[in-house]
1. Looking at the structure I just gave you, is G225 in contact with a Lys or Arg (Cβ under 9 Å, 6 or more places away or on another chain) and over 24 Å from G137 (Cβ atoms)?
2. With the condition kept exactly as written, say whether any residue in region 261-273 is modelled with pLDDT under 95, surrounded by fewer than 22 Cβ atoms within 10 Å (Cβ to Cβ), of a type in the set (S, T, N, Q) and part of a loop (DSSP other than H, G, I, E, B).
3. Is it the case, given these coordinates, that R88 is closer than 13 Å to L57 by Cβ and without any contact (Cβ under 8 Å) to a residue 40 or more places away in the chain?
4. Of all residues in region 197-213, which are charged (D, E, K, R), assigned to a loop (DSSP other than H, G, I, E, B) and touching a residue at least 40 places away in the same chain (Cβ under 8 Å)?
5. Considering region 79-115 alone, what residues qualify as being closer than 17 Å to H46 by Cα and surrounded by fewer than 21 Cβ atoms within 10 Å (Cβ to Cβ)?
6. So is G150 out of contact with any Pro (no Cβ under 9 Å at 6 or more places or on another chain), farther than 20 Å from F284 by Cα, modelled with pLDDT of 95 or more and small (G, A, S) or not?
7. So is G176 among the small types (G, A, S), without any contact (Cβ under 8 Å) to a residue 60 or more places away in the chain, touching a helix residue (DSSP H, G or I) at 6+ places or on another chain (Cβ under 7 Å) and crowded, with 24+ Cβ neighbours inside 10 Å or not?
8. Quick one: count up the residues across region 198-220 that are of a type in the set (A, V, I, L, M, F, W, C) and surrounded by 24 or more Cβ atoms within 10 Å (Cβ to Cβ).
Amino acid sequence: MIGTVRRLGNVLVLAAASSTLAGCASLFFAAVDKLEYARNVVERDHIVFDAGHGLALDAYSPAGAHDDPVVVFFYGGSWSEGKRHWYRYVGDALANNGVVVLIPDYRKFPDVRFPAFMHDAARAVAWARAHAAEFGGDPQHIFVMGHSAGGQIAALLACDKRYLNAVGMQPRELAGMIGVAGAYAFLPFVEDEAEIFGDNAKGRYDSQPINFVDGDEPPMLLLQGTDDDEVPPDNAQAMEERAQAMDGTATLKLYPDVGHNRILLALARGRQTHIPTLADTLAFIQRIDAAGKATSMR
């Protein structure tokens, strides 16, 4: 899904499609993290949530957080690349606006194949629920969020009950799912996808979040740029249509003239942008969080 070097305005975006680009990608994301505004965030890094697989997460909390909503964010990278610390800007952007953010790593291809990274993601969410209060978060208001391949991971957690069931949870226990240029209906497979998911009927079915939408999902927010040539907009459009057909709740926001990486980089601290990724994400979280807390007070 992500495998190119692009120019967006005057910013060189390295999508980290191979290990040979990892060093350049680290430099790029370090530069993004220097686009700071006044911060009021408590950061904790390398918190082990799965010792057996050597997996850790980074946490970002608003200073003085108490019963704040929690987002577990899954980054993209074609299920084969990416590091949690590259997405510090995502954690800071949301935490500066009253959201506790946990960004976990997960195992990747070629070390593992689907569905191994889905089990990693489910364990991260279960860990978040068990430990949210330690970071000032509300364990009853946990959202999953992801970009690109991470959007597919978040959507499968919200739609395919098997993964959260395996850790003692139900998708309906999630407050919501936020997909940013997510892959929800991405057949036919391209590049390494057939090897990652299995080039057979089961792999083609189980890899597609849209196949598991049955109306019993948490509310979904689908953010998508119309100029995305990595994950075509019809992924989000089909997902929204399927949810509505099944009496589910999905809100689709299409951003004109926005591509695959710009939609997420709009969260970078200090950037002036017309892309409302942050505003739409916060509005969705705040609406659901307020409604849930009002219900619990009755």
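The values are calculated or read from the model by the stated rules, or taken from the named source; none is laboratory data. For clarity, every value in this text was computed on a predicted model and none was experimentally measured. Note that each Cβ is placed from the backbone with ideal geometry, even for glycine, and that neighbours are counted across all protein chains shown.
1. Taking the combined requirement at face value, the residue satisfies it.
2. Yes, region 261-273 contains at least one residue that is modelled with pLDDT under 95, surrounded by fewer than 22 Cβ atoms within 10 Å (Cβ to Cβ), of a type in the set (S, T, N, Q) and part of a loop (DSSP other than H, G, I, E, B).
3. Criteria not met by R88.
4. Within region 197-213, no residue meets the criteria.
5. K83, H85, R107
6. On the way: out of contact with any Pro (no Cβ under 9 Å at 6 or more places or on another chain): yes; farther than 20 Å from F284 by Cα: no; modelled with pLDDT of 95 or more: yes; small (G, A, S): yes.
Spelling it out, it is not the case that G150 is out of contact with any Pro (no Cβ under 9 Å at 6 or more places or on another chain), farther than 20 Å from F284 by Cα, modelled with pLDDT of 95 or more and small (G, A, S).
7. No, not satisfied.
8. Residues that pass the stated criteria total 2.
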